[in-house]
Structure formats: structure tokens, C-alpha cells
Amino acid sequence: MNAPQPSSPAAPADAAPPARILVVEDEPKMAALLLDYLRLAGHEPHWLDDGRAVEPYVREHGPDLVLLDLMLPGRDGLEVCRGLRGFSEVPIVMLTARVEEADRLAGLDCGADDYICKTPFSPREIVARVKAILRRSRRMPAPSAAAAPAGEPVLRIEVEAYRAYFHGVLLDLTPVEFRLLRTLASAPGHVFSRDVLLTKLHHDYRAVTDRAVDSHIKNLRRKLAQADADSDPIRAVYGVGFRLDLG
């Protein structure tokens, strides 16, 4: 593999924030080269070399994009991709030496956003594809932009910083409350059942009852009211669950 060596890039034309990118690749030299190029492009990459470690990492850290090799020890890329799509919409770019159309279609069918052949290996192309997908995903409606008036949005969520603002006021949220608010804000007006919200409370899947959701909702409502006493955006739907109304 004679890939070009990275050089210091010119100042970026845009001011996009660094992206946290998970590189899942079992070949150390290839992984190291990808990490170098991604860092030089201004991103924050992390490397895993075993498919079994991917889901726990994504659940815990919530990367902005996953570069996923097809052939992995422990769990292959297609299985990992399907597993991620069971709980996450994180953009996934599959990397493989396979060039057959059936393999490309299998990767896309399992939920990947893009599919790049590693033969020939071009880290510059991979970084360019990553940039394009990140640009597209960041243009999609985000929780912080939902039903916002002119100026400061009603609700602004900074995922990387674990911060949320309601009517411009920084909310003092616990990690569980932040995840709960982020889930509700991911689809304003949509009713989330207690069972669905329960899966978002703790990353370690500790045994808790659905009444824990009610307790956290109560605390979240109280903190939203502290920011704006005239607003109560979380609505309980009897027998179903909760929704967030920002209109």
C-alpha cells in the first residue's frame, strides 16, 4: 500500500466544528494513516479494531460519524452496521476491499450512508467523502433548531458540549436529563413511550422501572420552568408517554 503521506492543509474555508469520528479498522497501518489524515482535516478520530466494541462505544460517546471496515474480527461490518441502525442514526461509511456490486448493495441495504472501496486506497478521497456526509448531516433539522423564533432558538442543544439552552438560559442538567431532553427534542410533537425513553436513561442498562422516566421528566420540567416560568413544553399523553411541544 503506497498511499500519499499527509501534509499540513491550508486553513479550512468553512468554520465547521471538529467532528468526532470513530474509525473501525483491524489493520493498524491503515488505521494509523486514516487517523493522521482525519486529524489534519481538523477532526477528532478514535480507533477500534474489533467489531464487538463498536456498539458500546457509540452508545457511550455518540460520535458524529463511523468509518467502518467490512472485514473485522469479532463481528463483521454488516452485522455492526445493522446493530447500530437499531438505535442510532449516526452516519456510517463502510470501507472494504471488495468491489463487487452485490457487496456494495449489501452495505447500503444494512443502513450505511456511503460505501468506499479501499482498492486503490485513497485517504484523501475518504476524508473528502467524510466531509461531504458531515456537511449533509449537519444541514438536517437538528433538535436545537426546532420551532425557533427569530434570534435565539427556543431550545438549543450542544451535543458535543453536553449543554442545553432554553430561551437562551443554560439548563443545569444531569447526564440522564440531558439524554432525555435530547431524545424528546429529536422529534418535536412525537410521543415517546416510557419504554423507549427508558432505554435512553442509562448507558449501562441498569435495572430501573418505567417510573424512573416520570421522576426524571418531573425534574426536567422543573428546570425548564426555572429558565422560563411561562413555558411547559413537555406534555404527558395519558397511557402513552411524553412529547415535546416547542410551537
- Derived scalar couplings ³J(HN,Hα) [region 216-230; Karplus, 6.51 cos²θ - 1.76 cosθ + 1.60; whole Hz; x for Gly, Pro]: 5, 4, 4, 5, 5, 4, 4, 6, 5, 5, 5, 7, 8, 5, 8
- Task: Starting from the amide H of Tyr115, placed 1.01 Å from N in the peptide plane, find each other amide H under 5 Å away whose residue is 5 or more places distant or on another chain.
- Result: Met94
- List every residue whose amide H lies under 5 Å from the amide H of Arg163, counting only residues 5 or more places away in sequence or on a different chain, with H placed 1.01 Å from N in the peptide plane. Glu158
- Message: Full-extension gain between Met71 and Arg235, please, as 0.36 nm times their residue separation minus the C-alpha to C-alpha distance.
- Response: 54.5 nm
- Near the amide H of Leu67, under 5 Å away, which other amide H atoms are found, from residues 5 or more places off or on another chain, if H is placed in the peptide plane? Leu22, Val23, Val24, Val93
- Message: Students often forget the sequence filter, so: which lysines lie under 17 Å Cα-Cα from Lys118 once same-chain residues fewer than 8 apart are removed?
- Response: Lys29
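Only the coordinates and a few stated rules stand behind these numbers; no lab work does. Only a predicted model underlies this, so the values are computations on that prediction, with no experimental measurement involved.
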